[in-house]
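Visitor: Can you read through this structure? Questions will come right after.
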Amino acid sequence: METLLLTREEVGRRALQLYEESIRTEVETPENIGKMIIIDIETRHWAIDALGFDSATELRQKNPNARLFGIRIGYNVAASLGGILQKVA
């Protein structure tokens, strides 16, 4: 697969679009709220774990040139430095 040259903003936009259109309804379950989902925007593969590290490693093993983006399921941001994570309604 050819590596796409995209800005971070474009990777994020594409990942959020994939999440909203085809992933969200499948993964936003009570047991997944607060976990990280990592999305490979090129292959449309994704993986979930508590922090996202194992998922990113798994996806990189499948596609070394993956363009990855992480989303904390059920929250408006993935992480907060000194702030508060707010759940999405």
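The values are calculated or read from the model by the stated rules, or taken from the named source; none is laboratory data. Since the model is a prediction, treat every value here as computed from it, not as a measurement. Every residue, glycine among them, receives a Cβ derived from its backbone with ideal geometry; neighbour counts consider all protein chains shown. The accessibility values were calculated without ligands, DNA or RNA, using every heavy atom of the protein model including side chains. Shrake-Rupley method; radii C 1.70, N 1.55, O 1.52, S 1.80 Å.
Visitor: Does GLY74 satisfy the criteria of being buried (at least 18 other Cβ atoms within 10 Å of the Cβ) and at pLDDT below 95?
Guide: yes
Visitor: Looking only at segment 56-66, count how many residues are under 13 Å from the mean Cα position of the chain (by Cα) and part of a loop (DSSP other than H, G, I, E, B).
Guide: The qualifying residues number 1.
Visitor: Filter segment 1-43 for residues that are touching a residue at least 24 places away in the same chain (Cβ under 8 Å), open to solvent by 30 Å² or more (accessible area, probe 1.4 Å), of a type in the set (Ser, Thr, Tyr) and farther than 17 Å from GLU58 by Cβ and give the result.
Guide: Scanning segment 1-43 gives a single hit, THR3.
Visitor: Looking at segment 17-55, which of its residues are hydrophobic (A, V, I, L, M, F, W, C), assigned to a helix (DSSP H, G or I) and within 16 Å of LYS87 (Cβ to Cβ)?
Guide: Once the filter is applied, which keeps residues that are hydrophobic (A, V, I, L, M, F, W, C), assigned to a helix (DSSP H, G or I) and within 16 Å of LYS87 (Cβ to Cβ), segment 17-55 yields only VAL27.
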